[in-house]
Each structure stands twice: as C-alpha cells, then as structure tokens.
Amino acid sequence: MNSGNYKKLVAKRLAQNFKSAIEIVELPLTELGSNQIVIKNKFAGINGGFDTLLCQGEIPYVNLTPPFDLGVEAVGEVVAIADNVRDFQVGDAVVTTHRGSGYREFQVVDANLAIKVRAATPEVLTLMPTGVSALVALEQAGEMKSNEVVLVTAAAGGTGHIAVQLAKLAGNHVIGTCSSETKAELLRQLGCDRIINYRTENLHQVLQQEYPQGINLIFDCVGKAVFDTCLENLAVRGRLIVVGFISEYAKVPEQITQPRIYHQLFWRAATIRGFLMPHYQEYIPEARDRLVHLFYTGKLKVAVDSTPFLGLESIPAAVEYLLSGQNCGKVVVKF
C-alpha cells in the first residue's frame, strides 16, 4: 500500500462559500513512517458550518493559509501498518477525528490518532466527534442535572438528536425543535417529551404558555431569532449553551440593534456559555468511551440521514444540503 495515487479535497483559496473554495487533487500515497498506518476511508462526516467557516478563514484558532486539507471525522479500514505498530492489524475498523482526515480516500497517520471500533459504520462515526460534542457541551458547559427542562434546537440534526437522548437519559423533560413532520417522527422515536415544529407552531408562544417558569438548560445550534427566543425564555439560573449558529453560516452576520442582553440575564441570574470542543479536550476520552458503550448496549440510537452522497465530488452538495436544514440525523459521504 505504499504506492499508488489517491484523491482528496482541499481548500485551494478562501471564499465566502464552500464550493468556491475547494478543489479535488490527486496525490501519491506517502511512504509509511515509524508507528504509522494507512487507512482506507469508507465514510466521512459532513460538518457544513465548520467546513464553511474554515474556508472563509473565520476559525480563529487554526489560522490556515491555503491550500489546506478538509474534513474531520472519518471511519475506515486499516490496509497497511508500519513494522513497529503493535496495536493494529490490517483489516481493523478505525475512526479518526483530526482536521484533514475526512475528505480523502486514504490517509497515512500515526497509529495513536486512530480509534479502534467494532465496524466501520456511519453510526459509530457519528459518535465521534458529533456525539462527544453533545455530551461534553451538556455536562460541562451546561452543567446538566436531572429533573430539569431542557430545550434542544435543531433537535433532529446530527448533534441535536444525540443531545436529546443524553438529556433524557439524565432524567430530564426534553423539548426539541424541528422543521418537518419527518423530523418530528424521529424525535418521537427518541422519546422527546415536547416537539415543536417551528413551521406550524410559534416557538416563543409555546414556551411562554407551556413553560411559564422558563427553561433550565438550552442547547442551541441555530442562532439568530431562535437564539433571541431562547434567551427570553431562560429560567431563573437557566443556562444557554451556544453550540453553533447554523442560520448565519455562509452569510453576512445580521446587524442587531436592541437592548444589551445583560438586562435579560441579570434579573434571572442566568448564564450564556459558548461551547467549542477544542477547549474541552480533556473530556474527550471518557465521553467517547461512554458514548460507544451506550450505543453498543442499545441505550443510544444514532440517526444517519438517508440521502446518499457518494465520493469526494458529492461533498459540496452534502455541505449545502446540511446548511439548508433538510437533513434528519447525521449527514455522511460514502467512499
């Protein structure tokens, strides 16, 4: 496996949208170094927001200059190992979660960057890092407890549907927002207590009427008007976690003129926290192991979007599909 070519997707330039920034290039596989393995990727996870912001040069903690590799999580099969590698064998199924590992047919990586799993499936791929982010955000940034009211926006998405289940497993009443009956049906299957289809119901009105004491913990992936509504409906000592703001990705940020939010936080002793997984690295191993155990023991379900995306050429369409909000579960590309 130390010879031959493979294809990968790279950002050749910075651009406002993902499609304008990327190109597919063909390269020879590099020679195996000490403690390295070759992985043939089978599935990669699509992270439309991160992908788009990265191609805009708007991720402050990476500061990349094009060209640079794209894609984060991938699951595949080990096809070659260096002579000194002892923990892996050819044929092992592995997940990788470092930037640049995803949008490519093959990768040559240090063995310590690979995580051995039972099978190279999109379901187990979804647990890392998407599921890990949901768990760490809820428990660490959100200080999740039991017997509280938890609201998850974009609840049928890749991160949201995991957050819904984790909040239920912790013994909470869970509200989930979504945009279609198909997504609502998924949330019913996952045990969501109150499903709000924001195309047929008004989120603010529902929260005001049905939850007059406010929401204890909010997991928001959407932003804009949804964020504003979440803020207005926080309970006393409520916590709002900003996990993302998909409504503004690939768009010019909306200019807002309104009272400063400390007026809404101070009188309720409420808090807002931004969540970004790289700032919570120390929690990843335990969270990953716990999620895999929950999945393999049948206590956690993983939803993978049914729309097929095949090969590197399909990734721009997959990113647009995710940003459009059409997905139900995690969006993946198959190689």
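Laboratory data are not the source of any read-out in this text; all were calculated from the coordinates shown. What you see is a predicted model; the values in this text were computed from it and never measured. Here the Cβ is made from the backbone with ideal geometry for all residues, glycine too, and neighbour counts use every protein chain on show.
Here are some notes:
- Extension gain from residue 16 to residue 193, taking 0.36 nm per residue of separation minus the Cα-Cα distance: 59.9 nm
- In range of the label at residue 326: residues from region 136-174 whose backbone nitrogen is under 17 Å from the point 7 Å along Cα→Cβ: 157-158
- What the Cβ-Cβ distance of residue 209 and residue 169 gives, at R0 = 35 Å and to the nearest 0.05, is a FRET efficiency of 0.80.
- Gaussian network model of the chain, Cα within-10 Å springs - most flexible of 172, 35, 84: 84
- Residue 231 sits among other residues whose Cβ lies under 13 Å from its own Cβ, and their net charge, with Lys and Arg +1 and Asp and Glu -1, is +2.
- Label zone (residue 269, point 7 Å along Cα-to-C-beta; backbone nitrogen cut-off 20 Å) within region 132-150: 141-150.
- All aspartates and glutamates inside 19 Å of residue 116 as judged from Cα atoms, apart from same-chain residues fewer than 8 positions distant: 73, 77, 83, 87, 92, 105, 286, 289
- Whole-Hz couplings from phi, Karplus 6.51/-1.76/1.60, listed for region 90-104; x for Gly and Pro: 4, x, 5, 8, 9, 10, 10, 9, 9, 4, x, 8, x, 8, 7
- Cut-off 14 Å between beta-carbons: net charge of the residues surrounding residue 105, Lys and Arg +1, Asp and Glu -1: +2
- Here the label points at residue 224 and residue 89, each 7 Å from Cα along the C-beta direction, are separated by 5.2 nm in the simple model.
- Mean separation of Cα contacts under 8 Å (6+ apart) over length of region 48-181, as relative contact order %: 17 percent
- Net charge dipole size for region 128-278 [Lys, Arg +1 and Asp, Glu -1 on Cβ; Debye, nearest 20]: 200 debye
- Simple spin-label estimate for residue 261 and residue 31 in nanometres, 7 Å along Cα-Cβ: 5.3 nm
- Estimated dipole of the chain in Debye, rounded to 20 [Cβ of Lys and Arg +1, of Asp and Glu -1, Cα centre]: 320 debye
- Share antiparallel - DSSP beta bridges, the chain, percent rounded to 5: 60 percent
- Among 91-98, 199-206, the order from most to least packed when residues are scored by Cβ within 10 Å on average: 91-98, 199-206
- Gain in span if fully extended, residue 23 to residue 79, counting 0.36 nm per residue against the direct Cα distance: 17.6 nm
- Value of relative contact order over the chain, rounded to a whole percent, pairs C-alpha under 8 Å and six or more apart: 18 percent
- Checking the cross-link pairs 301/334; 19/40; 42/224; 168/330 against a 26 Å limit on the alpha carbon distance flags 42/224 as lying beyond it.
- Among the GluC sites (Glu not before Pro) found in region 217-298, those both in a DSSP coil and sparsely packed, with 15 or fewer other Cβ atoms within 10 Å of their Cβ, are 254.
- If R0 equals 22 Å, the separation of the Cβ atoms of residue 180 and residue 202 corresponds to a calculated FRET efficiency of about 0.85.
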